[in-house]
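Participant: I am attaching a structure below and will ask some questions about it afterwards.
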Amino acid sequence: MASHIILPPDDDDEQQRREDEENDGGGSGGDGQQQQAGGNDAKAALPFSAMCVRISRDSYPNLRALRNASHASLTDAAYVKISEGDFGYVLDDVPHLADYLPDVPTYPNPLQDHPAYSTVKQYFVNEDDTVPQKVVVQKNSRRGVHFRRAGPRQRVNFESDEVKACIVSCGGLCPGLNTVIRELVCGLAHMYNVNNIFGIQNGYKGFYSSNYVAITPKTVNDIHKRGGTVLGTSRGGHDTKKIVDNIQDRGINQVYIIGGDGTQKGAYEIYKEIRKRGLKVAVAGVPKTIDNDIAIIDKSFGFDSAVEEAQRAINSAHVEACSAENGIGLVKLMGRYSGFIAMYATLASRDVDCCLIPESPFYMDGEGGLLQYVERRLKENKHMVIVVAEGAGQDIIAKSIPASDQQDASGNKLLLDIGLWLTHKIKDHFKSKKMEMTIKYIDPTYMIRAIPSNAADNVYCTLLAHSAIHGAMAGYSFTVGMVNGRHAYIPFYRVTSTRNKVKITDRMWARLLSSTNQPSFLSQKDIDEAREADRLANKPPLPSVANHNVAKAFDQSASTSSNGEI
């Protein structure tokens, strides 16, 4: 069946259409009825064999470029599954084996005969169950964007004996990696009686440069008590054709990929190549990022463990600062583009006097600058603690230190050390003031990354792994994540098109400013730009056929709607 994507008009075209409707009497009576009839005729003219999908411009900004995109870009539209329902309901669905293998067989889910699960009431997920992307609404709000709910299905597309699964972990280390690996192996073996499970060593390049290692529940029994990943990991090394060649040659039909947004982009490319070749292979991504910057999902696994360990570093910095005259404890935490670890660790500690993150600009010198605040704080309390995310202040450093455009193997720009730079700047400032002070710089990055996950993350990793298994057995390809407290299957492109960032216009950031008593360092221009960005991000999708009044009503509701509060 062909898939037709109906893109909405550009902003200028849409505005002109609305003005025309107002001039013609709001689209009611006379010419308005003729125009509406003409629109219905246009819809009827579409081929009956086509599946017509109308995409809201505001909900899917990465698809707006499809209007004038090249043919190569238009091929991605074949992997997008979007359908609409009543009252503004939009389902952003994930691809299924049946999309390109219409005769793929189905089988009863073996869980129905499992002694541990057969007694669970309503254990199987209804096929129509979906999870809303936003839950903070008003009485006139549209239902908005939804994702397919995760969980076991009554029918699956793989028999236990035919499953040959592989697991790979990519990117940097994160608490909980071993837990996810363990639960993928144990879940496949104990829930679905799968016997052929392999580990891919050292990231993506392991598909074609390392041996496949057979793993069983016995071999992974206690790995969750250790940090790191027993499979090894690496950055880069992604060669889609080589990877799929090896998947095809070895008869792999379920691929579980653990990694961040770059890794999930690679998973998406692997899925597209698999589909192009018509292979019966399901690809399941488990998103991993210690920075908690994966879009759509509530929280990344390992984040709670990282915040807990970061607190220990902050406590050490506080002890050092209190034990010296005019002592300063400076802690640098992870957060290349998003300052979630720094923000949450600061709020949890309550010993921090200043928190600096990439999302909130700051300046060093002059009235209201950081150096002036540090000086005032030392005069008041005789000590202070500063927490800074690694990606903060990069624009300031670049003005004094020539920045290079070097990148790591994952394509991330190599950052300058904001912690070390701040240390020297603060020392020089107080030296010029002839004021005694002591500063201790602590960088616990690799200590935090290498710890095993705590109890909360262990449970979360278990649920993510099991949800991934249920989806793959049912023939879906997706990234799994928790959305508003419910596990859901999310299209690959949705979690890789943007990053989750701290909203400095939300109450959570206001709570931090209140806790630390630090100045915001923001100009009115910074605040206005942040508010406008949030307003556009929270703008709900317009109905497929919306008159001017309806569109205006939704625009007004969008200006007061926010789903960023935690």
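Participant: When you scan the stretch 305-314, do you find a residue that is open to solvent by less than 50 Å² (accessible area, probe 1.4 Å) and on the phi > 0 side of the Ramachandran plot, even just one?
Facilitator: Looking through the stretch 305-314, none of the residues is open to solvent by less than 50 Å² (accessible area, probe 1.4 Å) and on the phi > 0 side of the Ramachandran plot.
Participant: Return only the number of the condition from (1) over 30 Å from LEU101 (Cβ atoms); (2) within 23 Å of the chain's Cα centre (by Cα); (3) modelled with pLDDT of 95 or more that TYR441 does not satisfy.
Facilitator: (2)
Participant: Going residue by residue through the stretch 131-149, is there one that turns out to be open to solvent by less than 10 Å² (accessible area, probe 1.4 Å), hydrophobic (A, V, I, L, M, F, W, C) and part of a loop (DSSP other than H, G, I, E, B)?
Facilitator: No, the stretch 131-149 contains no residue that is open to solvent by less than 10 Å² (accessible area, probe 1.4 Å), hydrophobic (A, V, I, L, M, F, W, C) and part of a loop (DSSP other than H, G, I, E, B).
Participant: Being touching a Lys or Arg at 6+ places or on another chain (Cβ under 6 Å), modelled with pLDDT under 95 and not in a loop (DSSP other than H, G, I, E, B) is the filter here, so list the residues in the stretch 471-526 that pass it.
Facilitator: The answer is THR496, and nothing else.
Participant: Using the structure shown, decide if ASP93 is among the charged types (D, E, K, R), modelled with pLDDT of 85 or more, in the same structural domain as VAL145 (by the TED database) and open to solvent by 40 Å² or more (accessible area, probe 1.4 Å). Before you say what the answer is, go through the steps one by one.
Facilitator: On the way: among the charged types (D, E, K, R): yes; modelled with pLDDT of 85 or more: yes; in the same structural domain as VAL145 (by the TED database): yes; open to solvent by 40 Å² or more (accessible area, probe 1.4 Å): no.
No.
Participant: Would you confirm whether any residue within the stretch 553-566 is in a loop (DSSP other than H, G, I, E, B), closer than 27 Å to ASP353 by Cβ, open to solvent by 50 Å² or more (accessible area, probe 1.4 Å) and modelled with pLDDT under 50? Don't jump to the end; show me each part of the working.
Facilitator: Looking only at the stretch 553-566, we keep the residues that are in a loop (DSSP other than H, G, I, E, B), and these are 560-566.
Right, trim to closer than 27 Å to ASP353 by Cβ and you get 564-566.
Then keep just the ones that are open to solvent by 50 Å² or more (accessible area, probe 1.4 Å); that gives 565-566.
Of the ones still in play, those that are also modelled with pLDDT under 50 are 565-566.
Checking the stretch 553-566: at least one residue is in a loop (DSSP other than H, G, I, E, B), closer than 27 Å to ASP353 by Cβ, open to solvent by 50 Å² or more (accessible area, probe 1.4 Å) and modelled with pLDDT under 50.
Participant: Of all residues in the stretch 358-380, count the ones that are within 16 Å of SER514 (Cα to Cα) and of a type outside the set (Gly, Ala, Ser).
Facilitator: Total meeting the criteria: 2.
Participant: Also, I was wondering about something else. State all residues of the stretch 228-265 that are farther than 20 Å from MET473 by Cβ, open to solvent by 30 Å² or more (accessible area, probe 1.4 Å) and part of a loop (DSSP other than H, G, I, E, B); if no residue qualifies, say none.
Facilitator: VAL230, THR233, ARG235, GLY237, HIS238, ASP239 - these are the residues of the stretch 228-265 that are farther than 20 Å from MET473 by Cβ, open to solvent by 30 Å² or more (accessible area, probe 1.4 Å) and part of a loop (DSSP other than H, G, I, E, B).
Participant: When you scan the stretch 291-314, do you find a residue that is hydroxyl-bearing (Ser, Thr, Tyr) and touching a Lys or Arg at 6+ places or on another chain (Cβ under 7 Å), even just one?
Facilitator: Within the stretch 291-314, one or more residues are hydroxyl-bearing (Ser, Thr, Tyr) and touching a Lys or Arg at 6+ places or on another chain (Cβ under 7 Å).
Participant: Here is a follow-up. LEU463 - would you say it is open to solvent by 50 Å² or more (accessible area, probe 1.4 Å) and modelled with pLDDT under 95?
Facilitator: It is false that LEU463 is open to solvent by 50 Å² or more (accessible area, probe 1.4 Å) and modelled with pLDDT under 95.
Participant: Looking at (1) part of a loop (DSSP other than H, G, I, E, B); (2) under 27 Å from the mean Cα position of the chain (by Cα), find the lone condition where VAL168 falls short.
Facilitator: The single condition VAL168 does not satisfy is (1).
The values are calculated or read from the model by the stated rules, or taken from the named source; none is laboratory data. Note that the coordinates shown come from a computational prediction; the quantities given were computed from them, not determined experimentally. Cβ coordinates were reconstructed from backbone atoms using ideal geometry, including for glycine residues, and neighbour counts include every protein chain displayed. For the accessible areas, the whole protein counts, side chains as well, though only heavy atoms, and no ligand, DNA or RNA atoms are used. Shrake-Rupley method; radii C 1.70, N 1.55, O 1.52, S 1.80 Å.
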